[in-house]
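Taking it in order: structure first as structure tokens, then the write-up.
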Amino acid sequence: MTDHPDQNQGVKSRFNITLQTISFSHYNEKARWALDYYRVPYVEHKMLPALHGFTMFWYRSKEPGFEETPYVTPFMMAVPTEKVSGKDAKPIKLHDSTKIVEFASDQFASQPGSIPANLYTNDPATKEKILALEERIDITVGTHVRRWLYYELLFKSPRSVTRGLGKHGNAAKLQSWLWPAVLPFFSLFLRNHLNITKETAAESKDIIRREFEDLSRMLEESGRSAGGGPSYFFENRFTAADLTFACLGGVMVGVNHEHGYGAWLPPLTQLRPEAHAFTEELRQTTAGKHALECYRLHRGSKAPGSSYGTSLFGLW
């Protein structure tokens, strides 16, 4: 059973929502999925890394904790459509994927027992547990998947693979044209900024493997408690923890646009044989299968009424 009996029926939103994304980023997919999950229409501005700075300069974060990464994505701005005391309400600005998921769940979740339900449940104690696991997955799975994949894509794969990230609708035309020229500088920046080396990539690989093993045990224990059916991390139902792992871990097991991922990703078969073998190993784990199952049952398509935004006469 999926969460959306009618995939063509959107919700009437109290906000005009825009979402600035680095289109192929797994953290950005997390924010996109949350809005799509509740069928909330939004305008997505898809960008490529490094080039996104020209746009994000106008939306850079001034919040504490983002001093070193002011151009972070995803960035969501929700402008209320209704006035408060006769005045325009202030827009809601969020630079963090978890906060965007919370916003979507708080604003658009249906009543208890209906579909789609609150991604954090209606129990405060359970919500705290979900947030804790979500943060763990963000930090361990998310960051180490990013470093390992960038190592393999930027430094071990044919240049045609990484050039493909700038095509297939991942950004507007001008960004796509500039992407091959930017790639060498972007690779050098990431090597230094994320400390991407052969040794750190190997370290990330070990952490990813351990996390998949540990999360698999959690899912297997949850499945035994539930007595059959799809296993989830909490209360035998899809929550923000499942959504987060499906996004951040799913890219390691072959999730792509055909599964509902909101951008084009290169097939894992284009990785070197050793790296591809590792992804196949993860794909066979309980956690890997869970990520694919979450996409099959819960991802759905883009929210009805959503669109893609551009600037510079459609070129950016």
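Key figures for this structure:
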read-out: Residue, surrounded by the most Cβ atoms within 10 Å (Cβ to Cβ), within the range 196-232, restricted to residues that are modelled with pLDDT under 95 and over 17 Å from Leu292 (Cα atoms); value: Ser222
read-out: Residues located in the range 257-316, provided they are in a loop (DSSP other than H, G, I, E, B), in contact (Cβ under 8 Å) with a residue 40 or more places away in the chain and polar (S, T, N, Q); value: Thr285, Ser301, Ser306, Thr310, Ser311
read-out: Count of residues meeting criterion [closer than 15 Å to Ala241 by Cβ and free of Cβ contacts under 8 Å to residues at least 12 places away in the same chain] in the range 188-216; value: 1
read-out: Residues of the range 292-307 satisfying the condition of being within 26 Å of Gly249 (Cα to Cα), surrounded by 15 or more Cβ atoms within 10 Å (Cβ to Cβ) and of a type outside the set (A, V, I, L, M); value: Glu293, Cys294, Tyr295, His298, Arg299, Gly300, Lys302, Ser306
read-out: Matching residues in the range 7-27 - criterion: being buried (at least 21 other Cβ atoms within 10 Å of the Cβ) and within 16 Å of Lys93 (Cβ to Cβ); value: Phe15, Ile17, Leu19, Gln20, Thr21
read-out: Residue match in the range 117-128 (condition: at pLDDT below 95 and touching a Pro at 6+ places or on another chain (Cβ under 8 Å)); value: yes
read-out: Test: residue in the range 266-289 that is polar (S, T, N, Q), under 30 Å from Val43 (Cα atoms) and not assigned by TED's automatic domain parsing to the domain that holds Leu51; value: no
read-out: Unmet criterion (only one of (1) in the same structural domain as Tyr71 (by TED's automatic domain parsing); (2) not in a helix (DSSP H, G or I)) for Thr98; value: (2)
read-out: Meets criteria (on the phi > 0 side of the Ramachandran plot and assigned by TED's automatic domain parsing to the domain that holds Ser97) for Ala34; value: no
read-out: Residue in the range 244-254 that is under 20 Å from Leu133 (Cα atoms), outside the structural domain of Val101 (by TED's automatic domain parsing) and touching a Cys at 6+ places or on another chain (Cβ under 7 Å) present; value: yes
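The values are calculated or read from the model by the stated rules, or taken from the named source; none is laboratory data. Given the structure is predicted, the values throughout are model-derived calculations rather than measurements. Backbone-built Cβ (ideal geometry, glycine too); neighbour counts: all protein chains shown.
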